[in-house]
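Laboratory data are not the source of any read-out in this text; all were calculated from the coordinates shown. These numbers come from a predicted model, not from an experiment. Every residue, glycine among them, receives a Cβ derived from its backbone with ideal geometry; neighbour counts consider all protein chains shown.
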C-alpha cells in the first residue's frame with residue numbers, strides 16, 4: 001500500500017536516446033528536441049528542450065550566436081507529473097538564469113516549490129502532497145546539467 005502513495009520514479013525502457021537517467025540534448029543545433037520513453041508499466045514520458053525564439057526580435061548572425069547560447073525551455077511531461085522552466089545560456093555554454101517555473105500535477109497538491117541554478121546546473125523542485133496530507137509527501141525535481149553544448153535532463 002505504501003508504494004501507491006509515493007511519487008513514482010520512472011525507470012524506463014528506452015524508445016529514444018535516453019536511459020534510466022533521463023535524456024541528453026545537443027543544444028548547438030538550436031532546434032526543439034524530445035525524447036519519448038515508455039516505462040515498464042506502459043506510461044509514456046517526454047523529456048524535452050526547446051529554444052525560445054522571439055519572432056519580432058532581430059536575430060544575431062550565427063557567428064554572434066555560438067554554441068548553445070540563448071533561451072531554452074526545459075520540460076518533462078508524463079500526464080500525471082508535468083513540469084517545466086526556462087534557462088538562459090551564455091556564449092560559454094553556462095547557465096546564467098533559471099525562471100518561469102510551471103507545473104501540472106494530477107492528484108497531488110504542491111506545498112512548496114523553487115527554482116535554482118549554478119553555471120552548470122538548474123533544478124526546479126516541487127514538494128508534493130498526495131491527498132493533501134503532509135505525511136504522504138515527496139519532493140519531485142526536474143534537473144538540467146550543461147556539459148559543453150550538451151544539456152542532460154532527468155527527474156528524481
Residue-span extension gain [residue 52 to residue 104] - 0.36 nm each, minus C-alpha spacing | 16.6 nm
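At a Förster radius of 22 Å, what calculated FRET efficiency corresponds to the Cβ-Cβ distance of residue 36 and residue 138, to the nearest 0.05?
It comes out at approximately 0.35.
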